[in-house]
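Bear in mind that the values in this text are calculations on the coordinates, not laboratory data. No experiment lies behind these values; they were computed from the predicted model shown. As a convention, Cβ positions derive from the backbone with ideal geometry for all residues, glycine included, and neighbour counts pool all protein chains shown.
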Amino acid sequence: MPTFTNARIFDGHTMLDGRYSVTIEENRIASVSEGPATGEAIDLGGMTLMPGLITCHFHPDFYKFTLTMGMEGEPLGKELPPGVLMAVGVRNCGVLLESGFTGYVGATAGHDIDASLKIAIEQGIINGPRIRACSLHIGTTGDVNDSVKWWREFRTGGTDVFADGPDEMRKLVREQIRRGAETIKIFVSSGHGGLPWPTTRTMERDEIEAVVQTAHSRGAFVRAHAATKNMIRECVELGVDIIDHGDEIDEDIIAMMAERGTFWVPSMIYPKCMIDLGWADAELPAQQDNVRAMLPKAQAAGVRVLIGDDYSGVFRDVMEDDPLDHKIGDYGREFAFYGGFEGLSAEQVLSWGTANAGAALMGGHDKLGVIEPGALADLIVVDGDPIADLSLLARPQESLRAVIRDGAMVIDRLGGESHPMKEAAE
């Protein structure tokens, strides 16, 4: 029954005044009390104890591919053999932990990699974060992700699969859930970084509705790549759980999302890189200005905004410091990035990667991303005050002192004499 004491606490929503003691029993937080602990405890000396960070748009197998692959007819997820891409996923799970991220909500991985990583972690084969596994990208024949070089189609898919009509969609959703998907990812529009497509939609309304009804009937979430206003609105109306990107979101859609409890992942760093490199289409800068203006309004309305982006190293060869590479500390850059927006506080942005994200990962079935009695004990110790300086979370090599995953210490840099959690880990 390890106890942390003399800790500053960010509880997933706010930084509490004073110093606290937190006791863990098995894999849950047993108590949170103000003041020093009695008996044996790990003295944090005023360091910050907070929920482990969670990224909610994560592709574990995206690594060393180029922007032109899909557009030139080379499907994503075929750039390397499946076993190698699984190894990439194992590597990136380690990068997440070393960056202070104890969970991720998948946004697509090829070859059942999300579901396979989850099994390997739960069975103790590898160390890694808590995972909400995602399906393949589900699209329609000949859409923005389907190969333009139809004569070069592969016998097996990569990260994308295609179906047409409500009946095919239902069958495909059921198959993906059977293979371990807890979230179904659909592509309903082009946009967000200049994906080329001459029409406003890539999936019909009855197809989206069939996906949502089928997924929800089997306990799965649905997330949608939706950049254009009409398609964002349609997805929210039909009950899609997570809107990815939402470049043309407006106040009416925000009000509907707040009422229905829809999550939103703005993922603005990828388009920022496109704009900075001069690769964006003509509409993207104005769309990103719109997202910047809408985020404080979404926060005020109660929309559950989430952290996450298209990490992949996609800009590695053209930018000296690619912010979307899978490197220790890169995931944490998002907090300072969004924290610099007018109208957003550091506590609000940090809640996107803790309390809001915990609700997304667990689907409301358990407490995660908060420090309160009964919550799952996924925690990190940060040397410093992340509310005063969000950039600490982008420098885990110097600021991250401990990572507790499911009640067990998986990274321990606290130093000093041995303590109960260290002894248990050894």
Legend entry - Rg/Rg_ref, region 317-408, where Rg_ref = 2.2 N^0.38 Å and atoms are Cα: 1.17
Inset, instruction - Apply the Karplus parameterisation 6.51 cos²θ - 1.76 cosθ + 1.60, with θ equal to phi minus 60°, to every residue of region 42-54 and state each ³J(HN,Hα) to the nearest whole Hz, in sequence, with x for glycine and proline. - result: 9, 7, 8, x, x, 5, 8, 9, 8, x, x, 6, 9
Legend entry - Proxy reagent accessibility, fewest Cβ within 10 Å first, across Ile125, Ile249, Ile387, Ile208: Ile125, Ile387, Ile208, Ile249
Inset, instruction - Please identify every one of the GluC sites (Glu not before Pro) in region 99-203 that sits in a loop by DSSP and has no more than 14 other beta carbons within 10 Å of its own beta carbon. - result: Glu153
Inset, instruction - May I ask you to derive the relative contact order of the chain, considering only C-alpha pairs under 8 Å and at least 6 residues apart, and to give it as an integer percent? - result: 19
Inset, instruction - Find the Rg to Rh ratio for the chain, where Rh is the Kirkwood radius over alpha-carbon pairs and Rg uses the same atoms. - result: 0.97
Legend entry - Rg/Rh ratio calculated on Cα atoms of region 110-243 (Kirkwood radius): 0.98
Inset, instruction - Treating cross-link reach as a plain straight distance, find the lysines whose alpha-carbon is under 19 Å from the alpha-carbon of Lys297, omitting any fewer than eight places away in the same chain. - result: Lys229
Legend entry - Rounded to 5, percent antiparallel among DSSP beta bridges of the chain: 45
Inset, instruction - Work out from phi, with θ = phi - 60° and the Karplus expression 6.51 cos²θ - 1.76 cosθ + 1.60, the ³J(HN,Hα) of each residue of region 319-325, listed in order in whole Hz, and give x for Gly and Pro. - result: 10, 4, 10, 6, x, 10, 6
Legend entry - Additional length obtainable on full extension of the chain from Asp250 to Leu277, 0.36 nm per residue less Cα span: 7.0 nm
Legend entry - For Thr140, residues with placed amide H under 5 Å, excluding near neighbours: Ala163
Inset, instruction - For region 142-147, take each phi angle, set θ = phi - 60°, evaluate the Karplus expression 6.51 cos²θ - 1.76 cosθ + 1.60, and give the result in whole Hz per residue in order, putting x for glycine and proline. - result: x, 7, 4, 9, 6, 4
Legend entry - Cross-link reach list, lysines versus Lys327, counting only Cα pairs under 30 Å and skipping chain neighbours closer than eight places: Lys64, Lys78, Lys118, Lys185, Lys272, Lys367, Lys422
Inset, instruction - Based on a Kirkwood Rh over C-alpha pairs, give the Stokes-Einstein translational diffusion coefficient of region 219-264 at 10 °C and viscosity 1.306 mPa s in µm²/s. - result: 157
Inset, instruction - Provide the gained length on full extension for the span Asp164 to Arg178, in nm with one decimal, where the gain is 0.36 nm per separating residue minus the Cα-Cα distance. - result: 3.1 nm
